[in-house]
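Asks: Have a look at this one before I ask anything.
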Amino acid sequence: GDSVTQMEGPVTLSEEAFLTINCTYTATGYPSLFWYVQYPGEGLQLLLKATKADDKGSNKGFEATYRKETTSFHLEKGSVQVSDSAVYFCACNNAGGTSYGKLTFGQGTILTVHP
Amino acid sequence: DAGVIQSPRHEVTEMGQEVTLRCKPISGHDYLFWYRQTMMRGLELLIYFNNNVPIDDSGMPEDRFSAKMPNASFSTLKIQPSEPRDSAVYFCASSFSVGGGRNEQFFGPGTRLTVL
């Protein structure tokens, strides 16, 4: 079945540092890829998505590019803020076969940004 | 739209009691998902529905757990009897299938369940 592997956390950065959180996936067909963010005490929110190879998703200064050749969807931000402290989840949605409509999530990466 | 609505937001109960969690998906969405989140196991998919029909319940931990979706705007997750190891945050999410199943899921705020 499909699987998503995220960079082990937690990640601790100083404000204005560069962020990369690695994500690789295993899936048949042509999945869509997502990054979700979960702030303390809240549900998951979609941060960005990409639906086909070489697409770049972006939102709130975060970016991720769908790389089919390396089966990756790494999350990046050039300058993090304290308010970016949260848990980040990578996910894939394989529209084919019996998993139609179902998201497969990575284990989540805790990000803490210090002033 | 108000988003996915879950109730209650917090539930504290004693071992052996029945617990019912409720979810109202976003209007027009035809998929509904129930997840459980704990520190030890992370985010787990319990069950999901399409057009009110259960599609995959392989994540339901045991027979004490059951879920229903009597109509397009309401779903319940029931635990009977509850046990301390069921303590977790339970999320409901919904999505719309138009677009070839590539659409994102929208999550509710969750129900924090504590079983004493």
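Asks: Find, among the chymotrypsin sites (Phe, Trp or Tyr not before Pro) in segment A:12-115, those assigned to loop by DSSP (not H, G, I, E, B) with at most 12 other beta-carbon atoms within 10 angstrom.
Replies: Passing sites in segment A:12-115 are A:Phe18.
Asks: HN-Hα J couplings of segment B:82-88 from phi, Karplus 6.51/-1.76/1.60, θ = phi - 60°, integer Hz, Gly and Pro as x?
Replies: 7, 10, x, 5, 7, 4, 4
Asks: Explain nothing, just the number: dipole magnitude of chain B about its Cα centre with +1 on each Lys and Arg Cβ and -1 on each Asp and Glu Cβ, in debye rounded to the nearest 20.
Replies: 220 debye
Asks: Here is a further query. Taking amide H atoms as placed 1.01 Å from N in the peptide plane, list the residues 5 or more away in sequence, or in a different chain, whose amide H sits under 5 Å from that of B:Leu46.
Replies: Amide H neighbours of B:Leu46: B:Trp34, B:Tyr35, B:Arg36.
Asks: Whose amide H sits under 5 Å from the amide H of A:Glu15, counting only residues 5 or more places off or on another chain, with H placed in the peptide plane?
Replies: Placed amide hydrogens put A:His114 under 5 Å from A:Glu15.
Asks: I need the shape label for chain B. Rule: rounded when a/c is under 1.5, else prolate if a/b > b/c, else oblate, with a, b, c from the alpha carbon gyration tensor.
Replies: Here chain B falls in the prolate category.
Asks: Okay, next question. Could you give the alpha-carbon Rg of segment B:66-116 over 2.2 N^0.38 Å, rounded to two decimals?
Replies: Normalised Cα radius of gyration, segment B:66-116: 1.42.
Asks: May I ask you to evaluate 6.51 cos²θ - 1.76 cosθ + 1.60, the Karplus curve with θ = phi - 60°, for each residue of segment A:6-17 and list the ³J(HN,Hα) values in order in whole Hz, giving x for glycine and proline?
Replies: Computed from phi, the couplings for segment A:6-17 are 10, 4, 5, x, x, 10, 10, 9, 8, 4, 6, 6 Hz.
Asks: Which one, B:Leu21, B:Leu45, B:Leu32, has the greatest fluctuation when you compute a Gaussian network model over chain B with C-alpha springs under 10 angstrom?
Replies: B:Leu45
Asks: Where the only charges are on Cβ atoms (+1 Lys, Arg; -1 Asp, Glu), what is the dipole of chain A about its Cα centre, to the nearest 20 debye?
Replies: Roughly 340 debye, rounded to the nearest 20.
Asks: For a quick check of your reading of the filter: which trypsin sites (Lys or Arg not before Pro) in segment B:6-107 sit in a DSSP loop and have no more than 13 other Cβ atoms within 10 Å?
Replies: Passing sites in segment B:6-107 are B:Arg9, B:Arg41.
Asks: Pick from B:Glu18, B:Glu62, B:Glu83: which is most flexible by mean-square fluctuation in a GNM of chain B where alpha carbon atoms under 10 Å apart are linked?
Replies: For chain B, modelled as a Gaussian network with Cα springs under 10 Å, the answer is B:Glu62.
Asks: If you average the sequence gap of Cα pairs under 8 Å that are 6 or more apart and divide by the length of chain A, what percent do you get for the contact order?
Replies: Computed over chain A, the figure is 36 percent.
Asks: With Kirkwood's inverse mean 1/r over C-alpha pairs for Rh, give me the Rg to Rh ratio of chain A, two decimals please.
Replies: On the Cα set of chain A, Rg over Rh gives 0.97.
Asks: Short version: ³J(HN,Hα) in whole Hz for each residue of segment B:5-21, in order, from phi by Karplus 6.51 cos²θ - 1.76 cosθ + 1.60 (θ = phi - 60°), x for Gly and Pro, what are they?
Replies: Along segment B:5-21, the couplings run 10, 10, 8, x, 7, 9, 9, 10, 9, 9, 3, x, 7, 7, 10, 10, 9 Hz.
Asks: Still on this structure: Check the protein assembly as shown and count each lysine pair with an alpha-carbon distance under 14 angstrom, considering only pairs eight or more places apart or from different chains.
Replies: Final tally of qualifying lysine pairs is 7.
Asks: Moving on to the next point. Show me the trypsin sites (Lys or Arg not before Pro) within segment A:4-92 that DSSP assigns to loop and that have at most 15 other Cβ atoms within 10 Å of their Cβ.
Replies: Here the trypsin sites (Lys or Arg not before Pro) that fit, given the DSSP loop and packing criteria, are A:Lys52, A:Lys60, A:Lys68.
Asks: Over the residues of the protein assembly as shown, compute the C-alpha Rg and express it relative to 2.2 N^0.38 Å.
Replies: Dividing the Cα radius of gyration by 2.2 N^0.38 Å gives 1.02.
Asks: Can you compute the modelled spin-label distance between B:Ser97 and A:Thr70, with each label point 7 Å from Cα toward Cβ, in nm?
Replies: 3.6 nm
Read-outs throughout are calculated quantities, based only on the coordinates presented, and are distinct from any laboratory measurement. Source: prediction; values computed, not measured. For neighbour counting, all protein chains shown are included, and Cβ atoms are generated from backbone atoms with ideal geometry for every residue, glycine included.
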